[in-house]
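Peer 1: Got a structure here, written out as structure tokens. Questions coming.
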Amino acid sequence: MLFLDKISQTKKLLLKTTIVTTMASALIALSYGPVAFADSTKSAEDYHVYLEGTYIGNVADKDVVNKIIAEKVSDTDLTIAQQVQNIPYQVFPTAEDETETVRTIRNIFQLQTEATAIMIDGKSVAYVDNQTSAEEVMKKLIHQYVPEDQLAELKARKDSGNSTLPPLKENETRLLDVRLSKNVSFSNEDTAPRKIMSAEEAVTFLQKGTLEEKKYVIQKGDVLETIAHDHHMKLADILAMNPGLTEDKLIKIGQKINMTVPEPFIEVIVEKEVNKKEEIPFKKKVVEDKSLLKGKTKVKQEGKSGARTVTYKISEQNGVTINKDEVNETILKQPVNEIIIKGTKVIPSHGDGTFAWPAVGGYVSSKMGPRWGRMHKGIDIARPSNRTIKAADNGVIVSAGWGGGYGNKIVIDHRNGFRTLYGHMSSLKVRVGQTVSKGSAIGVMGATGDATGVHLHFEVYKNGSLVNPLSYLR
């Protein structure tokens, strides 16, 4: 029998099964025979294991070896020939011996094949079948962000040595440089066949750092902000990874969203010039006019947008703009400012359209809207510092007296389309036809009419229609 040092033997066997392009058929021989025991009434069979004539070890069950071979052949599509020989053997193996033999066989069949490694800054990160495929991967990666015709134009321009570039035409784009963020090289290496990627898989892997995208299924009650927080992510990242998804867009239960934050191994950096035609927005200019009533405005001159062409120098990294500088511009049409005349003339009988708080302090105890089965037309103000009621704006008193359910009420016409109503007052300090100014006292808060307590009921009308006072009070 052939005896070899176990460590050196394993190294030689591993070397024999390492493959460069293909693997020659390996010969596994399983020899068996009767096994003698101290007790001659018992017998069993045991098997020697040989690889290409070299003894590896022995096992009690040849199916153990056959199973390992079948697994490896299935994994690698490589052919391994098998042959069983009958050789007598007289010693039964211990469990320890058999375990070591199985381990040795598994180590032998760590099959590898030659591939081309794509190396980033000297580190192997992806494997393809050959260098042609590796070069194709890098081309595909660059073409994700740069059209092939523009890349060809850039190469031709650099090859010509012409450094003087003509001005860009309107809406024209020109590449200045395309480069990778890290050093890329290729290396022929031995690797497990399962690690070899297609060109498309390698491009995706270099771009994202993974081939598997993590998905999240929307649950009941989910909102994007909470999902981002729970996954220690930024909302902006989730929106960027899911085109069409916006912060305001409704998400549905069961909907799947991408949660994989790309961690690219390398970035494609593109420097380019872009010429664009852009609108120049007009500015608004306000001119005060003392002859025009305060609160009134009119347009003296209509605004008109201008136009310009502008050239930008843009830096992009994997398609994302990281820098944008304006190089030059050409004005095609100057904008025309909009001029607004704003009145400043104050006439006591005319309001300016804004309303002061009609009480001295207090709070809104009841808002406008449905209440007790009917419409509450205004707001109620209760618990003031004192009970003085004040005119909300300049105007003329058009009603002052008893108003049924309003109790003692006052109505002021502000001569600008607005009217205000004040109800439930205990006493009045003005009369019909009197001109009042904003903030002047017009009565005392009370509980007259249909009132359950002391308060002011305040209503606002615009061009005859009831509006919410809270939208106008300042």
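The values are calculated or read from the model by the stated rules, or taken from the named source; none is laboratory data. Bear in mind the structure is a predicted one, so any value in this text is a computation, not a measurement. Every residue, glycine among them, receives a Cβ derived from its backbone with ideal geometry; neighbour counts consider all protein chains shown.
Peer 1: Restricting attention to the stretch 384-394, does a residue exist that is among the hydrophobic types (A, V, I, L, M, F, W, C) and modelled with pLDDT under 95?
Peer 2: No, every residue in the stretch 384-394 fails to be among the hydrophobic types (A, V, I, L, M, F, W, C) and modelled with pLDDT under 95.
Peer 1: Turning to a different aspect of this structure: In this structure, does T246 turn out to be surrounded by fewer than 14 Cβ atoms within 10 Å (Cβ to Cβ), on the phi < 0 side of the Ramachandran plot and among the hydroxyl-bearing types (S, T, Y)?
Peer 2: yes
Peer 1: Scan the stretch 352-367 for residues that are in contact (Cβ under 8 Å) with a residue 40 or more places away in the chain and within 50 Å of the chain's Cα centre (by Cα) and report the count. So that I can check it myself, show each step before the final result.
Peer 2: In the first step, residues of the stretch 352-367 are kept if they are in contact (Cβ under 8 Å) with a residue 40 or more places away in the chain; the result is 352-359, 362, 364-365, 367.
Next, from what is left, pick out any that are within 50 Å of the chain's Cα centre (by Cα): 352-358, 362, 364-365, 367.
Going through the stretch 352-367 one residue at a time, the tally reaches 11.
Peer 1: Determine, yes or no, whether G369 is touching a strand residue (DSSP E or B) at 6+ places or on another chain (Cβ under 8 Å) and either of a type in the set (A, V, I, L, M) or more than 25 Å from K294 (Cβ to Cβ) (or both). Before the answer, list the steps.
Peer 2: Working: touching a strand residue (DSSP E or B) at 6+ places or on another chain (Cβ under 8 Å): yes; either of a type in the set (A, V, I, L, M) or more than 25 Å from K294 (Cβ to Cβ) (or both): yes.
Yes; evaluated as a whole, the condition is true for this residue.
Peer 1: Have a look at E153, E189 and point out the one that is free of Cβ contacts under 8 Å to residues at least 40 places away in the same chain and surrounded by 11 or more Cβ atoms within 10 Å (Cβ to Cβ).
Peer 2: Result of the check over E153, E189: E153.
Peer 1: Residue by residue through the stretch 209-238, note down the ones that are touching an Asp or Glu at 6+ places or on another chain (Cβ under 7 Å) and part of a helix (DSSP H, G or I).
Peer 2: Passing the criteria: L224, L235.
Peer 1: Next question, about the same structure. Determine which member of the set K208, K214, K220 is touching a residue at least 12 places away in the same chain (Cβ under 8 Å), exposed (fewer than 14 other Cβ atoms within 10 Å of the Cβ) and within 16 Å of the chain's Cα centre (by Cα). I'd like the intermediate steps shown before the answer.
Peer 2: Details: K208 fails: exposed (fewer than 14 other Cβ atoms within 10 Å of the Cβ); K220 fails: within 16 Å of the chain's Cα centre (by Cα).
It is K214.
Peer 1: From D159, D230, grab the single residue that is surrounded by fewer than 17 Cβ atoms within 10 Å (Cβ to Cβ), under 24 Å from Y145 (Cα atoms), without any contact (Cβ under 8 Å) to a residue 40 or more places away in the chain and outside the structural domain of Y312 (by TED's automatic domain parsing).
Peer 2: Residue meeting the stated conditions: D159.
Peer 1: Give the residue that is nearest to the chain's Cα centre (by Cα), with candidates limited to residues of the stretch 80-139 that are modelled with pLDDT of 75 or more and part of a loop (DSSP other than H, G, I, E, B).
Peer 2: Only one residue fits best here, namely D121.
Peer 1: Can you tell me which residues in the stretch 430-469 are part of a loop (DSSP other than H, G, I, E, B), out of contact with any Ser or Thr (no Cβ under 7 Å at 6 or more places or on another chain) and either crowded, with 19+ Cβ neighbours inside 10 Å or not polar (S, T, N, Q) (or both)?
Peer 2: Hits for the stretch 430-469 are V430, R431, G433, K438, G439, A447, G449, D450, A451, G453, V454, G464.
Peer 1: So I381 clears everything in (1) within 17 Å of T420 (Cβ to Cβ); (2) free of Cβ contacts under 8 Å to residues at least 40 places away in the same chain except one condition, right? Which one?
Peer 2: It fails just one condition, (2).
Peer 1: Give just the number: which of (1) of a type in the set (V, I, T); (2) surrounded by fewer than 15 Cβ atoms within 10 Å (Cβ to Cβ); (3) in a strand (DSSP E or B) does I347 not satisfy?
Peer 2: Here I347 clears every test but (3).
Peer 1: Next up: Select from the stretch 331-344 the residues that are within 20 Å of N275 (Cα to Cα) and in a strand (DSSP E or B) and list them in ascending order.
Peer 2: I331, L332, K333
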